[in-house]
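Here is the structure we will look at.
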Amino acid sequence: MKIERSDLRLGLRMISMSQQQYVEEILERHGMTNCNLAKTPIGNDIQLPILNEAEVDIIKYQRYIGSLIYLMICTQSDIAYSIGVFSCYVSCPGKVHMQAVK
């Protein structure tokens, strides 16, 4: 985590936090280094199926969601809704869930 303080000599009193390195590590770990930016993390009309059997590696999906939860709690509260939606599928994720979270 990178913490920067503004220059008090300029009369600015501000602290900013960034986890750019952590975000880059998450993207690299999940093969998303060339992904595109989005204005909103998820649309409010997304509908994902509930599966009876997992189609992807459950542990991999859970690790991915866990990484995003840590990011959300520490600095990126704007992804809270998205992570909440995808967290509902950690016990039985499918290909569609993995694609949607990416």
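For segment 68-102, filtering for residues that are surrounded by 15 or more Cβ atoms within 10 Å (Cβ to Cβ), in contact (Cβ under 8 Å) with a residue 40 or more places away in the chain and in contact with a His (Cβ under 8 Å, 6 or more places away or on another chain) leaves 1. Checking each residue of segment 18-28 against the condition of being in a strand (DSSP E or B) and either at pLDDT below 80 or small (Gly, Ala, Ser) (or both) gives at least one match. Can you work out which of the residues in segment 46-96 that are part of a loop (DSSP other than H, G, I, E, B) and among the hydroxyl-bearing types (Ser, Thr, Tyr) is farthest from MET32 (Cα to Cα)? Once the filter is applied, the top-ranked residue is SER91.
Every residue in segment 28-43 that is closer than 15 Å to PHE86 by Cβ and in contact (Cβ under 8 Å) with a residue 24 or more places away in the chain, please. Listed by number, the residues that qualify are HIS30, MET32, PRO41, ILE42.
The values are calculated or read from the model by the stated rules, or taken from the named source; none is laboratory data. It should be emphasised that the depicted structure is a prediction, and the values quoted were computed from it without experimental measurement. Cβ: placed from backbone, ideal geometry, glycine included. Neighbour counts: every protein chain shown.
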